[in-house]
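Worksheet: the structure to be examined is printed underneath.
The values are calculated or read from the model by the stated rules, or taken from the named source; none is laboratory data. Note that the structure is predicted; figures quoted are calculated from it, not measured. Every residue, glycine as well, gets a Cβ built from its backbone with ideal geometry; the counts of neighbours run over all protein chains shown. Keep in mind that these areas ignore ligands, DNA and RNA; they rest on the heavy atoms of the full protein, side chains included. Shrake-Rupley method; radii C 1.70, N 1.55, O 1.52, S 1.80 Å.
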Amino acid sequence: NKEEATQFEVDYNTEIVVEASSQIESFDLTSPEVTTNSQEKFETNNTNADNIEEVTLKDLDLTVTSPSDQNFDFLESVEVYINAPGKSELRIAYKNSIPEGMSELSLQTVDADLAEYVKSSSFTLRFKAETDEVFAEDVHIKAYSNFQVDAIIAD
């Protein structure tokens, strides 16, 4: 009975709000809790948590959703960490030297097995960034994460 492997992707959206700032500094923000619905997603792909072999982060994209004329020029660098109940925090993505004029950023992902985080009922993302500009309005940023799951199909 040969085990059949499957690969599929699961993705999540969350938002963070960077509060208006009158000084240049850094910020450290945690996203609202992201519910994984992982059991459902695994079942849809004919597998279950016990049969997950590895989960890797393929993409982590940030988009400024408001104000409409805002871009990421205020950011010098950003690092993203994942947290889940009972797990230690792990750095999963980053971007240094952010180009001017971008309202969407694709971060560099770190090669790490994130199965335990995605199998968890929820996770949060922590954003640690250096800023180099002041901004008068709160900046809303959508974070899109896309994970690749390697699993064995459950009998």
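What the table shows:
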| item | result |
| --- | --- |
| R0 of 41 Å, Cβ-Cβ distance Glu9-Glu137: FRET efficiency to nearest 0.05 | 0.75 |
| Separation in nanometres of the label points that stand 7 Å from Cα toward Cβ, at Glu54 and Ser77 | 2.7 nm |
| Average accessible area per residue (Å²) across the chain - probe 1.4 Å, nucleic acids and ligands excluded | 53 Å² |
| Cα-based shape type of the chain, given that a ≥ b ≥ c are square roots of the gyration tensor eigenvalues and the cut on a/c is 1.5 | prolate |
| Accessible-area composition of the stretch 33-101, carbon plus sulfur, in percent [1.4 Å probe] | 35 percent |
| Computed E for Glu19/Asn146 - FRET, C-beta separation, R0 41 angstrom, nearest 0.05 | 0.90 |
| Virtual spin-label span in nm between Thr65 and Thr35, 7 Å along Cα→Cβ | 1.7 nm |
| Cα centre as origin, Lys/Arg/Asp/Glu Cβ charges: the stretch 6-125 dipole, Debye | 200 debye |
| The chain: relative contact order as a whole-number percent, Cα under 8 Å and 6+ apart | 46 percent |
| Trypsin sites (Lys or Arg not before Pro) restricted to the stretch 75-155 and DSSP loop, no more than 14 other C-beta within 10 Å | Lys87 |
| Inter-label distance for Ala154 and Ser88, nm, one decimal - labels placed 7 Å from Cα along Cα-to-Cβ | 3.0 nm |
